[in-house]
Amino acid sequence: MLKAERHKYIMTKLIEDEKVVTADLALALDLSEDTIRRDLNELDRKKLLEKVYGGAIQTAEKAVDVFDIVISAEEEKKRIVTKALSLLADGQVIIMSGGSTNLVFAKLIPSDLKATIYTYSLRIAMQLSQHPNIDLIFIGGKMQKNAMVTIGMDVIQVLSKIKADICFIGASSINMKQGLTEIGYEVSIVKKAMIESSDKVVSMFASNKLNTKMPHVVCELNQLDTIVTELEPEDVRLEEYRKAGVFIL
């Protein structure tokens, strides 16, 4: 992987998770920790992040108000999620994972849609609480503070009892061999339970997640019904995924 590609990947993860861990990046990118440290030092010198012991954090100050949610690359994410609005229908039972792309999706759900939505993402629950016709069920549990999602057995037990028509699952990474993968073990387990409880599985993500990997497998490609990116479905970068039988929006 070229240095510019590594830097782009690191900055993307930093925006999504608000921090990065050197050891996790090394594992995900199959590189030495020394290489990752050099990359973080260079990005720190450019004032793109703040290097700390064991990793790096964002340089920008976080919003003081928890309800003031800042979404990076929001316009690009709107282009992605707008495609998936056609998958919604009145009366559906829906599960939504966390992630900024799903948050944008929640903001764009039509106001006349009548559905039941389960989520373990506090940010998405806050957004959907403003929707006039959604029956919202927030799944409580141990809070993972950086991502503002709940994790643990309480979440898994609730998910195991749901019979959902469709789930919208965020993706940290996806590749042909491992399928969807996650940087955190606990989040990967919650997402597995989410998939098991849903008749149809849809994953929405930016194309820079293609052909990357994280340490913890969420599901194989054949467990995905649909993937949605900003690319056209016929784009050559999606060809292998089409051949694997995944529907591309």
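At q = 0.14 Å⁻¹, what log₁₀ I(q)/I(0) does a Debye calculation on the Cα points of the range 74-248 give, no solvent, two decimals?
Ignoring solvent entirely, the Cα scatterers give -0.68.
For the pair residue 108 and residue 3, what calculated FRET efficiency results from E = 1/(1 + (r/R0)^6), where r is the Cβ-Cβ distance and R0 = 45 Å, to the nearest 0.05?
Numbers: r = 36 Å, r/R0 = 0.80.
E between residue 3 and residue 108, to the nearest 0.05, is 0.80.
Once label points are set 7 Å from the Cα along Cα→Cβ at both residue 85 and residue 236, what is their separation, rounded to one decimal in nm?
3.3
When the Cα centres of the range 69-92 and the range 148-198 are compared, how far apart do they sit, in Å?
Taking the Cα centre of each part, the range 69-92 and the range 148-198 sit 19 Å apart.
At 0.36 nm per residue, and after removing the present C-alpha to C-alpha distance, how many nm does the segment from residue 176 to residue 31 gain when stretched out fully?
Values: separation 145, 0.36 × 145 = 52.20 nm, distance 1.98 nm.
Gain on extension, residue 176 to residue 31, equals 50.2 nm.
Would you calculate, for the chain, the mean residue ellipticity at 222 nm contributed by helices, counting each DSSP H stretch of 4 or more residues as -39,500 (n - 2.57) and dividing by all residues, to the nearest 500? Can you show the working numbers first?
Details: 9 runs with 88 residues, N = 249.
Counting only the DSSP helices, I get -10500 deg cm²/dmol.
Quick check on the chain: of the DSSP beta bridges with both residues there, what percent are antiparallel, nearest 5%?
Working: 16 of 40 bridges.
Rounded to the nearest five, the antiparallel share is 40 percent.
Mind ordering 197-203, 34-40, 86-92 by average Cβ neighbours within 10 Å, highest first?
Working: 197-203: 20.3, 34-40: 17.6, 86-92: 12.6.
In decreasing order of mean packing, 197-203, 34-40, 86-92 become 197-203, 34-40, 86-92.
Can you work out the PRE-style zone for residue 129? Point 7 Å along Cα to Cβ, and I want the residues of the range 80-120 with backbone N under 15 Å.
Residues 119-120 fall inside that zone.
Helix 33-45: angle to the longest alpha-carbon principal axis of the chain, degrees 0 to 90, nearest 10?
Long axis of 33-45 versus the principal axis of the chain: about 90 degrees.
Taken together, the values in this text are just the output of simple stated rules run on the coordinates, not laboratory data. From a predicted model like this one, the values you see are computed outputs, not experimental measurements. Note that we place each Cβ from the backbone using ideal geometry, even for glycine, and neighbour counts take in every protein chain shown.
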